[in-house]
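Reading through the structure tokens given below for one structure.
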Amino acid sequence: MTLVGYFSALRELAGMRRMVDDDVSTRLAHESVAARGLARRRLGQPRELTSRMDSVRIPDVLNQLGLKFRADAGGLGLRGMAGGGRAAAVAGRGRTAQPLRSGRNGKHEVRPVDVLLATNMISVGVDVPRLGLMVVGGQPKAAAEYIQATSRVGRSSAGPGLVVTALNWYRPRDQSHYEGFEHFHATFYRHVEALSVTPFSPRCVDRGLSALAVAMVRHSCEEANSNAAAQSIDPHETAIRTSVVTLLRSRAQALTGRAEVGDALEAALEQRLDSWTGHQRHESAVLGYRERPDGRTVGLMRPPGEGTWGLWSCPMSLREVEAGINLLLEADVADQGGTAGRWGDYELAEDDRARNAPAVPGAAEPAGPAENVASPGPVGPEAS
């Protein structure tokens, strides 16, 4: 079984990495382990899922996490890669477990992960069903982070799911969670922090209004629920307008306290209902809420990723609200005469640098605008 260690800070993770490489590895190979009836074994190289690792290595780590342990066929306590099944007991008592060295054709096989050390990078997007054991080093600062991180283990009904929270008694916050440990875990969904949102902002309307309108139409009456009803119903019917347009408009105006927000939302809904009617007039196909593989039914809603974002693009999850993009960063910034800054610094023109330079005590003040400078008197014979 792979042990997952979760830490809120890289400093704490680095300390545990040193302990795994030194103390834990030494203890597992010590003779006292064999005296207790357990197998002496050699710990594999710990893996990490942190921000300090290269992003191109993350898929390799996730693939390696999917590999399962098995007992060696020879019964010597060797543990290696298995295509499936639960981890078997080590048969050779008192022997040192070794990584599987060679596979087919004499090639080295990848050993399953013994220890995975991770930060909040593991909280989202890591779905490895075989993970069943996690140690949380200290109470995370946010309840949502704690729930997300600990839900990475025990995701399979065929395996275990055990989370051990190691609290630090020097930290008052950890002491508080220890004293109310049982009550907190029985009610921790109540402690999830509220998120600040801007209801009915233009960007939210652009991304979510189409899916919301279709859902409300389909639930407005039984006749509008089936997939084929997208072709047969009238989007501008009075009942639909009352249950969708009027309701959402009044909701937007009530939440924001601004009539113009309700008017803008109503205009956006009218645009979508008109577009819906236009799709129904295509004689070459039958309109459905979603596309069907029958060669005739075309979908009103389109999942993200099929071309550019359109009026009827509807995200199927929050991960699809915004498409991923690639950023190409240069290795360094060329130093132009020693005046260029690091990433995030702006290069100022010479006059801007002089204007923003700190004042030096005793230095002469720069001259102001021309109209505020006194003109010199006559020079030469006319001076007298």
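Just so it is clear, none of the values below were taken in a lab; they were calculated from the coordinates. Only a predicted model underlies this, so the values are computations on that prediction, with no experimental measurement involved. Methodologically, a virtual Cβ is constructed for each residue, glycine included, from the backbone with ideal geometry; neighbour enumeration extends over all protein chains shown.
Across 10 Å bins from 0, what is the distribution of all Cα-Cα pair distances for region 22-67, in whole percents?
23, 33, 28, 16, 1
Starting from the coordinates of the alpha-carbon atoms of region 106-172, obtain the Kirkwood hydrodynamic radius over all distinct pairs and give the value in Å to one decimal. Could the numbers behind the result be given before it?
Working: mean 1/r = 0.0741 Å⁻¹.
Roughly 13.5 Å, rounded to one decimal.
On alpha-carbon atoms, Rg over Rh for region 230-287 using Kirkwood Rh?
On the way: Rg = 13.5 Å, Rh = 12.3 Å.
My calculation puts Rg/Rh at 1.10.
Arrange 263, 294 by Cβ neighbour counts within 10 Å, fewest through most, would you? Intermediate results must be reported in sequence, preceding the final value.
On the way: 263 13, 294 8.
So the residues, fewest neighbours to most, are 294, 263.
Tell me which residues come under 5 Å, amide H to amide H, from residue 297 once H is placed; ignore anything under 5 positions away on its chain.
286, 292
Mind pulling up the Rg/Rh value for region 152-227? Radius of gyration and Kirkwood radius, both on Cα. Can you show the working numbers first?
Working: Rg = 21.7 Å, Rh = 17.8 Å.
Value, to two decimals: 1.22.
Take the Cα gyration tensor of region 159-291, multiply each eigenvalue by 5, square-root it, and list the three semi-axes largest first, rounded to whole angstrom.
46, 22, 13
Can you give the Rg to Rh ratio of region 258-316, both from alpha-carbon atoms, with Rh computed by the Kirkwood formula?
Across region 258-316, the Cα-based Rg/Rh ratio is 1.07.
Quick one: 181, 69, fewest Cβ neighbours within 10 Å first, how do they rank?
Working: 181 13, 69 22.
By the 10 Å Cβ count, ascending, the order reads 181, 69.
Under a point spin-label approximation (7 Å from Cα along Cα-to-Cβ), what is the residue 281-residue 181 distance to one decimal in nm?
Calculated label separation equals 6.9 nm.
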